[in-house]
Amino acid sequence: MARSELMIDLDALVANWRALAAASGNAEAGAVVKADAYGLGAATVAARLAREGAKKFFVAIAEEGIEVRHAVGPDPQIFVFGGHMAGDATVIRNADLIPMLNSAEQWQRHQAESAGRPFGIQLDSGMNRLGMEPAEWDSVKDAVLAANPVLVMSHLACADEPDHAMNAQQLAAFKAMTDGINAPRALSATGGILLGADYHFDVTRPGIGMYGAEPFVDAQPVAHLNIPVIQSRIVEAGETVGYGNSWTADKPTRVATIAAGYADGIIRAQSGKGKVYANGVACPILGRVSMDLIGIDITHLDHIPETVELLGKHQTVDQVATAAGTIGYEILTSLGNRYQRKYIGA
Ligand SMILES: *Cc1c(COP(=O)(O)O)cnc(C)c1O
């Protein structure tokens, strides 16, 4: 079988969530499961976290909330960062979702189409991505607060850089917009949780740290990706490997071809830079990553491995991201559909 195995360790994910919940102090830790739980399977991840006591889940768009609702049952709250878009009212009602209203327009839509249904508010504290700006908030604040929002939140732009001046600036902006209100408040994702108590407010929204990546450097690995070796050969000095002849052997080299490629989310930008591991021994990627195949150097091994590890005990999501010139979030959310997925602790 040439199918790679993606093993998702939900026991490790729960340990990471608990660690981030503890680091959230008195705030309640929710769980961000948008983008199919960062590529690891929203239904399975959310079901396990609900069993562990998570009561607040966050998705990006309303449609993602349907699957999460099925997985967690009727009690947990499911918040939608994208808010209440035109056409969302039916899904919001049927899946019992809480839109985080991002604008006065969304507030009006929610009143018109979902009056009396729970909602939250998203404020812009400086990132200029989603949320009401201070003047817009002022214009609707009294009416909104009278309707009892279940959560008022904002999002930090630079929380993965603890010394960045933007953190304190956004904290001050968020406080200026929300101090004195009765609704529960939330400002922090993984990075903000690690900035300390000033950033915790009432609810936190960990995502990436649960899934085993930076900025939560103490995270346990959650995704373990093992790729079968299909073939191996000796490449003589002067011969090349892969598309574009981008790698040339300078001595006889044993090259193994493994059965995964950029169609599986192994980002092509790590051509000639990334590594995989055979029983803990690093094997460099040779030449370009193809759609379904990658050449690796196994000259230094005393055997031909059956499989090699791309993610797991020996290589973190962030090491792969660095080799590909990107971030852990993109590595995880790019993981493809061709893997045989196995869950530990589902
Ligand atoms: C994605 C996201 C989160 C989770 O962020 P992480 O950095 O993955 O912890 C929290 N809040 C909002 C608004 C988000 O978009």
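The values are calculated or read from the model by the stated rules, or taken from the named source; none is laboratory data. These numbers come from a predicted model, not from an experiment. Here the Cβ positions follow ideal geometry from the backbone for every residue, glycine too, while neighbour counts run over all protein chains shown. Heads up: the accessible areas ignore ligands, DNA and RNA and are worked out on the full protein's heavy atoms, side chains in. Shrake-Rupley method; radii C 1.70, N 1.55, O 1.52, S 1.80 Å.
Listing for the model above:
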| read-out | value |
| --- | --- |
| Within the accessible area of the range 223-344 (1.4 Å probe), percent carbon and sulfur | 49 |
| Percent RCO, i.e. relative contact order, over the chain, from Cα pairs under 8 Å lying at least 6 residues apart | 20 |
| Crossing angle, helix 10-23 versus the chain [Cα axis fit, 0-90 degrees, rounded to tens] | 50 |
| Euclidean distance of C-alpha centroids, the range 227-302 and the range 63-124, integer Å | 47 |
| Within the accessible area of the range 1-55 (1.4 Å probe), percent carbon and sulfur | 50 |
| Positive-end residue, the range 48-105 charge dipole about Cα centroid, Cβ charges, pick of Ala50, Ala104, Val91 | Ala50 |
| Part-to-part distance (alpha-carbon centres) for the range 154-172 and the range 311-339, which is given in Å | 25 |
| Per-residue ³J(HN,Hα) for the range 332-346, Karplus 6.51 cos²θ - 1.76 cosθ + 1.60, θ = phi - 60°, Hz, x for Gly and Pro | 5, 6, 8, 3, x, 9, 8, 6, 7, 8, 10, 10, 9, x, 5 |
| Whole-Hz ³J(HN,Hα) from phi, Karplus 6.51 cos²θ - 1.76 cosθ + 1.60, for the range 204-221, glycine and proline x | 10, 10, x, x, 3, x, 4, 8, x, 9, 5, x, 8, 5, 8, 5, 7, x |
| Charge dipole magnitude, Cβ of K and R +1, D and E -1 - the chain, Cα centre, debye nearest 20 | 620 |
| Candidate aspartates and glutamates for bridging to Lys55, where Cα separation is under 13 Å - those fewer than 8 sequence places away on the same chain excluded | Glu28, Asp75 |
| Helix 62-72 axis, angle to the chain major axis (alpha carbon atoms, nearest 10°) | 80 |
| Rounded if a/c under 1.5, otherwise prolate or oblate - the range 1-66, Cα gyration tensor axes | oblate |
| Residues of type lysines that Lys56 reaches as a straight line, Cα spacing below 28 Å, ignoring anything fewer than 8 places off in the same chain | Lys34, Lys141, Lys175, Lys342 |
| Under 20 Å from Lys251, Cα to Cα: aspartates and glutamates that are on another chain or at least 8 residues apart | Glu236, Glu239, Asp297, Asp302 |
| The range 25-205 shape via C-alpha gyration tensor axes, a/c threshold 1.5 | oblate |
